[in-house]
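The values are calculated or read from the model by the stated rules, or taken from the named source; none is laboratory data. Small disclaimer: the values here were computed from a predicted structure and weren't measured. Cβ placement follows ideal geometry from the backbone for every residue including glycine, while neighbour counts extend to all protein chains displayed.
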Amino acid sequence: MDAGITLPEPDSLPAGCGPLILADRETARPLRQQVFEHVRAAGAIPRVDLSKELGVSPASVTAAAAELIELGLIHEIDRPRRDGDVLRGRPPVALGVRPASGRVAGVKLSDRVQSAIIVDLAGGVLAEASIERPLLGQDTERLLLDATEILDAALSLAGLSRDDVAAVGFGLPGVIDSTCGHVHWSPLMRERGIDLGPALAERLRRPVCLDNDANLVTLAELWFGAGRTRSDFAVVTIEHGLGMGLVLNHRLVRGARGLGLEIGHTKVQMDGALCRCGQRGCLEAYVADYALVREATTALNWGNRGVQSPQILLESLYDHAKAGNEAARAIFNRAGRYLALGLANVVTLYDPSLILLSGERLRYDYLYAEEVLAEMLALTLDTGRVAPEVEIRAWGDQVWARGAAAMALDHATGAVLAAEATA
């Protein structure tokens, strides 16, 4: 069983990114790549609708689609008739991604659960796996071992081998240069400044792409969720840390060097609380779960509880707050106010039509109570404009792995199309 997609030879990949690192290409995209991306996002779309959306002639869309069909990336599928369709003649058809043309894997590494997913080119899930094993402050070799184990577990469930996937996407928290797989800093890793992407590619002998986990959940929304119908939106993730992803004009924004949108490390208090990044006053140091546990240890005199996991302490804090404990409620309320401040800054800077609050920690409703959202609006400039929508996504770890798979799909097909364009 082969991977379907054939990636370009290493010499054709971007210089400086290692022999097997797939990176974004933010240059002008050829028409057939734009056609493929629109078909992928829509699921199924007629040629005439593609022509309107892309602002090009129907003949140009037909030519680009014919090339993609020849490459085996898309195919024609039946489309249900719509009002106004001619009832005689050939049944209406649409273009859709050809699922069997390839498979990729996505892996999410986190502080608590390691997750992996295998998908086909259309995003259909073939298998998924997860292992509850904490990863915090580990050395690089341990992280590589865990990444390999969870990937192989998902591949085994799918009846596949590593050679059967065209690419593997990895996501983890931290400051990451996705163009070359370099991890400047991550709470999961003991060392700083590690070329993790090349190390994973060497270990797996497969093409690898690596990014910040908040970008991955944003890609999952862009490909499979609310972002399919939005040109601009923001995702704020609340987990062990605080992250952000931003989509403008249907494209993920990473900044000039791929290190932007680190909302958790924007400063909200000079000489404030200590953040796990080593600096003080970061937004994350007031909102993330380790910040809440740190506050509870002092305010509720939990220093005598011995060694308990942050998750257990956090659940206990939430139970105390729900039961009416004023100190516990005050901790969540303060975190909510700081979150409102961060969200207000997002609105002021980027003016998104939609903000998605995402992550398992969103079970704690104090973080998105009506008072929090009202304070967010109160802190933004009053122009009389319609306020952005705010939606809650209390999803588990697999959505992050799905985002990693979306990244692998994006990069793998982009590499194929770029290679064909220069052939």
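In segment 40-61, is there at least one residue being crowded, with 17+ Cβ neighbours inside 10 Å and without any contact (Cβ under 8 Å) to a residue 24 or more places away in the chain? Yes, segment 40-61 contains a residue that is crowded, with 17+ Cβ neighbours inside 10 Å and without any contact (Cβ under 8 Å) to a residue 24 or more places away in the chain. Residues that are surrounded by 23 or more Cβ atoms within 10 Å (Cβ to Cβ) and within 18 Å of Ser101 (Cβ to Cβ) within segment 159-185 comprise Val165, Ala166, Ala167, Val168, Gly169, listed in sequence order. Here is the figure for segment 33-43: residues that are out of contact with any Ser or Thr (no Cβ under 7 Å at 6 or more places or on another chain) and either over 21 Å from Ala100 (Cβ atoms) or modelled with pLDDT of 85 or more (or both) total 3. All of Ala256, Ala288 fail the test of being of a type outside the set (S, T, N, Q) and surrounded by fewer than 24 Cβ atoms within 10 Å (Cβ to Cβ), apart from Ala256. Among the residues of segment 152-181, write down those that are farther than 16 Å from Asp213 by Cβ and under 18 Å from the mean Cα position of the chain (by Cα). Those that are farther than 16 Å from Asp213 by Cβ and under 18 Å from the mean Cα position of the chain (by Cα): Ala167, Thr179, Cys180.
The condition (being in the same structural domain as Gly255 (by TED's automatic domain parsing) and among the polar types (S, T, N, Q)) is satisfied by just one residue among Thr218, Thr237: Thr237.
Within segment 286-300, how many residues turn out to be modelled with pLDDT of 90 or more and more than 22 Å from Asp365 (Cβ to Cβ)? Number of matching residues: 0.
Would you mention how many residues in segment 274-285 are part of a loop (DSSP other than H, G, I, E, B), surrounded by fewer than 17 Cβ atoms within 10 Å (Cβ to Cβ) and either in contact (Cβ under 8 Å) with a residue 12 or more places away in the chain or of a type in the set (A, V, I, L, M, F, W, C) (or both)?
Our first condition is that a residue be part of a loop (DSSP other than H, G, I, E, B); within segment 274-285, this holds for 275-279, 281, 283.
Next cut, surrounded by fewer than 17 Cβ atoms within 10 Å (Cβ to Cβ) only: 278-279.
Filter once more, so that each one left must be either in contact (Cβ under 8 Å) with a residue 12 or more places away in the chain or of a type in the set (A, V, I, L, M, F, W, C) (or both): 279.
Qualifying residue count for the region: 1.
For the residues Ser51, Ser60, the requirement of being modelled with pLDDT of 90 or more, in the same structural domain as Gly124 (by TED's automatic domain parsing) and closer than 22 Å to Arg251 by Cα singles out Ser51. Please verify whether segment 315-323 includes one or more residues that are hydroxyl-bearing (Ser, Thr, Tyr), crowded, with 16+ Cβ neighbours inside 10 Å and at pLDDT 90 or above. Within segment 315-323, none of the residues are hydroxyl-bearing (Ser, Thr, Tyr), crowded, with 16+ Cβ neighbours inside 10 Å and at pLDDT 90 or above.
For segment 89-103, does any single residue satisfy the condition of being modelled with pLDDT of 60 or more, in a loop (DSSP other than H, G, I, E, B), closer than 24 Å to Val183 by Cα and touching a Pro at 6+ places or on another chain (Cβ under 9 Å)? So far as segment 89-103 goes, no, none of its residues is modelled with pLDDT of 60 or more, in a loop (DSSP other than H, G, I, E, B), closer than 24 Å to Val183 by Cα and touching a Pro at 6+ places or on another chain (Cβ under 9 Å). Can you pull out the residues in segment 377-403 that are in contact with a strand residue (DSSP E or B) (Cβ under 8 Å, 6 or more places away or on another chain) and at pLDDT 85 or above? Selection gives Pro388, Glu389, Val390, Glu391. Residues that are assigned by TED's automatic domain parsing to the domain that holds Ala105, over 27 Å from Ala291 (Cα atoms) and among the polar types (S, T, N, Q): does segment 171-190 have at least one? Taking every residue of segment 171-190 in turn, at least one turns out to be assigned by TED's automatic domain parsing to the domain that holds Ala105, over 27 Å from Ala291 (Cα atoms) and among the polar types (S, T, N, Q).
All of (1) free of Cβ contacts under 8 Å to residues at least 60 places away in the same chain; (2) within 17 Å of Ala41 (Cα to Cα) hold for Ala214 with one exception: (2). Within segment 116-144, the residues that satisfy the criterion of being of a type outside the set (A, V, I, L, M) and within 19 Å of Leu222 (Cβ to Cβ) are Asp120, Gly123, Gly124.
For Ala226, the criteria (1) crowded, with 20+ Cβ neighbours inside 10 Å; (2) of a type in the set (A, V, I, L, M); (3) modelled with pLDDT under 90 hold in every case but one, which is (1).
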